[in-house]
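Undergrad: Handing you this structure, nothing more for now.
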Amino acid sequence: MKNKITILFSTILFSVLLHSCNKKEAAVTETETIIPVTVTTIDNKGIDDFEEVSGTVSYIVKTPIKAIITGYVTAVNATTNDKVAKGKRLFSIKTKESIALGNDVNKLDPNLHFGTAVSITSSSNGFITAVNVEKGNYVQEGDVLAVINDSDNYGVVINVPFELKKYVSINQQLSVYLPDGTSISATVKQFIPSVDTMSQMQSIFLKMNSNQVLPENLIVSVRIPKSNKSDIITLPKSAILSNEIETEYWVMLLKNDSTAIKVPVQIGLKNQERTEIITPKFNVTDRIVTSGNYGVGDTIKVKIINGSK
């Protein structure tokens, strides 16, 4: 009986020790979890508060080229998508009378030039978007022969909520951001005097400040500056973490090369890219985690894989 009790006690003791060792191993494993992170430092150059709106590359004036007489089209010098200059001859038209009697009249008096065709020229610079006739067609006076997108009225039309109109003024310089990541400077030229019934947005026309020709209907974005604040501490948006209702904010600050700790922060002005940090006052040498910081504890082991600004 005594031997049985001894064996039972030994078995229980072994189980307790084994469970304790497993807990210690699990704790060691958890502590040694290393998270790869990227880091950044603060920026104190200031921040622009802006609103980003969408826009469309447009020709707001489309010029119709019309027949000025009734007759037959004897020449067509226009093709869709051609770039044309003001004054270029696009069509020639002869009246029925000049075709029927021209040669006979000219034989009597060559100086009359009775059978000469009437030239129809471009009234603006731009690109031909439609050609409606072919050589030999009979046209009436006033018929539209072609349509030209007027390059003097080429730019971007943005749709702005009416409450943002106060931040935009005629001749103001704005940046137009293209889908490929580049940007072009543009000048505010015209407020379209109406708003959309449903969205209550007003259209504003911006004239490009470069000779770069973009395809019509290309969707772009434009940033409307609302305010500027200088000499403040800012961090990228990716460095700022918050609770679900956004009442508490914090960052993960590198304590050393291998450890990051949670630091509560108070934020201020922010835009789509950066956020102002009111407190605490970080130093320019402080390193803040920008990736690998989501869903972690108050203290984490890290491995810096690269730095970002």
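Undergrad: Mind scanning Lys226/Lys262; Lys270/Lys301; Lys229/Lys255; Lys255/Lys303 and naming the pairs with a C-alpha gap bigger than 23 Å?
TA: From the list (Lys226/Lys262; Lys270/Lys301; Lys229/Lys255; Lys255/Lys303), the Cα-Cα distance tops 23 Å for Lys226/Lys262; Lys270/Lys301; Lys229/Lys255.
Undergrad: Would you mind checking which residues have amide H under 5 Å from Leu145's amide H? H placed 1.01 Å from N; only 5 or more apart, or other chain.
TA: Under 5 Å from the amide H of Leu145: Ile65, Lys66, Ala67.
Undergrad: Cα centroid distance between the stretch 244-268 and the stretch 115-141, in Å?
TA: The stretch 244-268 and the stretch 115-141 have Cα centres spaced 69 Å from each other.
Undergrad: Separate question: Can you flag which of Lys83/Lys135; Lys166/Lys281; Lys88/Lys165 are past 31 Å Cα-Cα?
TA: Cα-Cα > 31 Å for Lys166/Lys281; Lys88/Lys165; rest within.
Undergrad: Could you list which residues have their amide H under 5 Å from that of Asn125, counting only those 5 or more apart in sequence or on another chain, with H placed in the peptide plane?
TA: Lys86, Ser151, Asp152
Undergrad: From the protein chains alone at 1.4 Å, what is the descending order of accessible area for Ile120, Ile305, Ile245, largest first?
TA: Descending accessible area places them as Ile245, Ile305, Ile120.
Undergrad: Here is a follow-up. Arranged from highest to lowest average of other beta-carbon atoms within 10 Å per residue, in what order do the peptides 130-138, 87-95, 49-57 appear?
TA: 87-95, 49-57, 130-138
Undergrad: HN-Hα J couplings of the stretch 241-257 from phi, Karplus 6.51/-1.76/1.60, θ = phi - 60°, integer Hz, Gly and Pro as x?
TA: 10, 8, 7, 5, 9, 6, 9, 10, 10, 7, 10, 9, 9, 6, 7, 8, 5
Undergrad: Oh, and also: Which of the aspartates and glutamates could a cross-linker span from Lys237 if the Cα-Cα distance has to be under 18 Å and same-chain partners fewer than 8 positions apart are dropped?
TA: Output for Lys237: Asp43, Asp48, Asp49, Glu51, Glu52, Glu246, Glu248, Glu273, Glu276, Asp286.
The values are calculated or read from the model by the stated rules, or taken from the named source; none is laboratory data. Note that the structure is a prediction, hence the values are computed from the model and not measured. Because the Cβ atoms are built from the backbone with ideal geometry, glycine has one as well, and the counts that use them run over all protein chains shown. Heavy atoms of the whole protein, side chains included, go into the accessibility calculation; ligands, DNA and RNA do not. Shrake-Rupley method; radii C 1.70, N 1.55, O 1.52, S 1.80 Å.
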